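Please read the structure below before turning to the comments.
The values are calculated or read from the model by the stated rules, or taken from the named source; none is laboratory data. On a predicted model such as this, the values are computed, not experimentally measured, just so you know. Here the Cβ is made from the backbone with ideal geometry for all residues, glycine too, and neighbour counts use every protein chain on show.
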Amino acid sequence: MDAIFIAIIALGVLALLFGGLLGFASIRFKVGADPIVDQIDAILPQTQCGQCGYPGCKPYAEAIANGDAINKCPPGGEATIQKLADLMGVDVPDSDLDMDDNVKKVAFIHEDMCIGCTKCIQACPVDAIVGGTKAMHTVIKDQCTGCDLCVAPCPLTVSR
């Protein structure tokens, strides 16, 4: 019985020792985030729509900091491209995306055909679609970024 008690105490002391060592190492050898990535991320619209080819705004900000093109964000529009160009110190590239600042794209739901499956609500990264299960859904136009992520999951293609 004494051997088991000594083993438990020894393992406890070793766990505390190694835990303290890991805690010290995490503080001592902390790697800070790249400040330019944080600045780029603050400029991006934070819709997390993926239209740029990245899973969200933060990965796209990291890619821009590593030299990727600054004109891949349709929800941000030309204003975002201009701000990114100013921050990065580069010329504004010609946009190969269809981004007309005068025409805002928003989703549209044919409410008379909607079955209320909520798949579009789940897909919307900015919660711009309201409705309930087996109830009519509608789009809040002021919040919609036009990312089209709600269109693909719709089983009846009532989202446009």
- prompt: Counting only residues that are more than 14 Å from the chain's Cα centre (by Cα) and under 17 Å from residue 42 (Cβ atoms), how many does the stretch 73-82 have?
  reply: 5
Residue list for the stretch 105-131, filter: assigned to a loop (DSSP other than H, G, I, E, B) and in contact with a helix residue (DSSP H, G or I) (Cβ under 9 Å, 6 or more places away or on another chain): 107, 114, 127, 131
statement: The residue from 40, 27 that alone is touching a helix residue (DSSP H, G or I) at 6+ places or on another chain (Cβ under 8 Å) and not acidic (Asp, Glu) is 40
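Table: residues versus (1) of a type in the set (Ser, Thr, Tyr); (2) at pLDDT 90 or above; (3) surrounded by 11 or more Cβ atoms within 10 Å (Cβ to Cβ); (4) in contact with a Cys (Cβ under 8 Å, 6 or more places away or on another chain).
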{"residue": "21", "(1), (2), (3), (4)": "no, yes, no, no"}
{"residue": "24", "(1), (2), (3), (4)": "no, yes, no, no"}
{"residue": "31", "(1), (2), (3), (4)": "no, no, no, no"}
{"residue": "60", "(1), (2), (3), (4)": "yes, yes, yes, yes"}
{"residue": "85", "(1), (2), (3), (4)": "no, yes, yes, no"}
message: Take residue 25 and tell me if it is free of Cβ contacts under 8 Å to residues at least 12 places away in the same chain and outside the structural domain of residue 127 (by TED's automatic domain parsing).
response: yes
task: State all residues of the stretch 87-110 that are acidic (Asp, Glu) and modelled with pLDDT of 80 or more; if no residue qualifies, say none.
output: 91
